[in-house]
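Let me begin by presenting the structure, written as structure tokens, before commenting on it.
Every number here is computed from the coordinates shown, using simple stated rules; none is lab data. Fair warning: this is a prediction, and the values are worked out from it, not measured in the lab. As a convention, Cβ positions derive from the backbone with ideal geometry for all residues, glycine included, and neighbour counts pool all protein chains shown.
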Amino acid sequence: MYETYFKRSIDFIAALLGLLLLSPLLIIVTIGLFFVNKGNPFFFQIRPGLNEKLFKIIKFKTITDAKDVKGNLLPD
């Protein structure tokens, strides 16, 4: 009975509470990465999931796109 009725509600409330508590930090990180990466703080990628169903993952972009004169990526 716990798993069918209460677990989903508890998980949802815990996730919502965590998101509310961490949202100021996430906003600060997003603004910082916006300036460091010149306008694109997120990294998008399509990955295979369960039963090879594709889904889009969104992550913070922590590497830069800076290149040298030869077109090689520079280290961070």
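Considering only segment 57-76, state which residues are assigned to a loop (DSSP other than H, G, I, E, B), over 19 Å from PHE35 (Cα atoms) and among the hydrophobic types (A, V, I, L, M, F, W, C). Before the answer, list the steps.
Residues of segment 57-76 assigned to a loop (DSSP other than H, G, I, E, B): 61-66, 68-72, 74-76.
After this cut, where a residue has to be over 19 Å from PHE35 (Cα atoms) as well, the list is 68-72.
Residue satisfying the conditions is VAL69 alone.
Give me a count of the residues in segment 17-44 that are exposed (fewer than 10 other Cβ atoms within 10 Å of the Cβ) and either among the aromatic types (Phe, Trp, Tyr) or in contact with a helix residue (DSSP H, G or I) (Cβ under 6 Å, 6 or more places away or on another chain) (or both).
Here the count works out to 1.
Return a yes/no flag: does segment 45-61 have any residue that is loosely packed, with under 10 Cβ neighbours inside 10 Å and in contact with a Pro (Cβ under 7 Å, 6 or more places away or on another chain).
Within segment 45-61, one or more residues are loosely packed, with under 10 Cβ neighbours inside 10 Å and in contact with a Pro (Cβ under 7 Å, 6 or more places away or on another chain).
Report yes if some residue within segment 3-24 is touching a Phe, Trp or Tyr at 6+ places or on another chain (Cβ under 8 Å) and of a type in the set (S, T, N, Q); otherwise report no. Reasoning before the result, please.
Going residue by residue through segment 3-24, those that are touching a Phe, Trp or Tyr at 6+ places or on another chain (Cβ under 8 Å) are none.
Checking segment 3-24: not a single residue is touching a Phe, Trp or Tyr at 6+ places or on another chain (Cβ under 8 Å) and of a type in the set (S, T, N, Q).
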